[in-house]
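J.: Have a look at this one.
Derivation of every value follows stated rules applied to the coordinates shown; laboratory data play no part. Remember, predicted model here, so these are calculated numbers, not experimental data. Cβ: placed from backbone, ideal geometry, glycine included. Neighbour counts: every protein chain shown.
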Amino acid sequence: MRPRRFLLLPPTSPTTQLPSNPSPSPNPNPNPNPNPPPPPPPPPRGAQPLEEGQSRQWEDWEYSWTPLMCSAACLYFVAYYFRPYHSMDEWARARALERMAALEGDAE
């Protein structure tokens, strides 16, 4: 068993201490982020801002796009989960079982 090695630190004297109150920061601004956030982007061309309390009406293609994309994603994930497993290991295992069956058939 190996002996354990410990990190030896120099001894600290009781008189060496950190200052209890750090100096105040030179920046009197209470906001820690000196850069203001960017303004919101302008609306697209031809778009009119909606009145207070109104919601945007869907266009005709949006009614079919949302359920079709969701069902396509679900179909993809189900097909991916149940995909056939084809790898070199599976092929080699099948070939080995065939050879073992052939050898047992010749031995009998």
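J.: With only alpha-carbon atoms counted, please give the Rg and Dmax of region 62-107, in Å.
T.: Answer for region 62-107, Rg first and Dmax second: 21.2, 69 Å.
J.: Using a basic spin-label model with each label point 7 Å from the Cα along Cα→Cβ, how many nm lie between LEU68 and SER55?
T.: The modelled label-to-label distance comes out at 2.3 nm.
J.: From zero outward in steps of 5 Å, how is the percent of C-alpha pairs of region 35-88 spread across the bins?
T.: Over region 35-88, the share of Cα pairs per 5 Å bin runs 4, 12, 10, 13, 12, 11, 10, 9, 8, 5, 5, 2, 0 percent.
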